[in-house]
Amino acid sequence: MSTAPSPIVIIVGTNRPSSMSRKIAEYYQSILNHLGAPSIILDLVNLPDDFTVSALYANSGKNEDFNNLRSLLEQTDKFVFIVPEYNGSYPGVLKAFIDGLPYPNSFANKKAALVGLSSNMQGAAIALSHLNDVFSYLGMNTLALRVKLAQIRSHFHDNVMSNALYKELLEMQAGQLIHF
């Protein structure tokens, strides 16, 4: 008897409304769909506005909206993090979200793919390095292929990736994650 694979959770690493990260998450989901892998998008825009007060530390487990988002993480062993560069690193809201998850088991022995995007030429390379350090500490296994999408607004319009290398790297990474 075989069981269906749990969905890959694609995390939009910012709470900015209508973000480019969300658009890239949807694009990545279309790649996973084409490869036959189920997925769910967890967009940090859906975090409760007051979650750093109402859902963390002494209030852990008390905010139902936060708990619903957290429960998506318990249903899977694989993640894709779509991470925009904010001030040379990843968004603080992503760090606060990670800090609000049960330690140490939320990410231990789970697997992740990292995708960085930026308006500059670095493609969030430093942000992905910082995030990878956090995941190493938490026991998460990350794919070696970290896709860095530099100057993303020049290469992605109307759900089309015009940069052939970016498209190829995202497809390659998605395939690797499925078999990881």
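The values are calculated or read from the model by the stated rules, or taken from the named source; none is laboratory data. Everything numeric in this text was worked out from a predicted model, so none of it was measured. Methodologically, a virtual Cβ is constructed for each residue, glycine included, from the backbone with ideal geometry; neighbour enumeration extends over all protein chains shown. Note: areas computed on protein heavy atoms with side chains; ligands, DNA, RNA excluded. Shrake-Rupley method; radii C 1.70, N 1.55, O 1.52, S 1.80 Å.
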The listed residue being modelled with pLDDT of 95 or more and over 16 Å from the mean Cα position of the chain (by Cα), out of His179, His130:
His179
Under 8 Å by Cβ, and 6 or more places apart or on different chains, what pairs join a residue from region 38-50 that is part of a helix (DSSP H, G or I) with one that is exposed (fewer than 15 other Cβ atoms within 10 Å of the Cβ)?
Val45/Pro17
Assuming Ser106 fulfils every condition listed in (1) in contact with a Leu (Cβ under 7 Å, 6 or more places away or on another chain); (2) open to solvent by less than 10 Å² (accessible area, probe 1.4 Å) apart from one, which condition is it?
(2)
Identify the single condition in (1) over 22 Å from Gly175 (Cα atoms); (2) in contact with a strand residue (DSSP E or B) (Cβ under 9 Å, 6 or more places away or on another chain); (3) open to solvent by less than 30 Å² (accessible area, probe 1.4 Å); (4) part of a loop (DSSP other than H, G, I, E, B) that Leu94 does not satisfy, given that it satisfies every other one.
(4)
Write out, first by first residue and then by second, each pair whose Cβ atoms fall under 7 Å of each other, whose residues are 6+ apart or on separate chains, and whose first residue, in region 13-31, is modelled with pLDDT of 95 or more and of a type outside the set (D, E, K, R) while the second is assigned to a loop (DSSP other than H, G, I, E, B) and crowded, with 20+ Cβ neighbours inside 10 Å.
Gly13/Tyr90; Gly13/Pro91; Thr14/Pro91; Asn15/Leu47; Ser21/Gly13; Ser21/Thr14
Of the residues Val147, Val134, only one is touching a residue at least 24 places away in the same chain (Cβ under 8 Å) and under 20 Å from Val93 (Cα atoms); which?
Val134
For region 31-60, which positions are of a type in the set (Gly, Ala, Ser) and either under 19 Å from Arg153 (Cα atoms) or open to solvent by 60 Å² or more (accessible area, probe 1.4 Å) (or both)?
Gly36, Ala58, Ser60
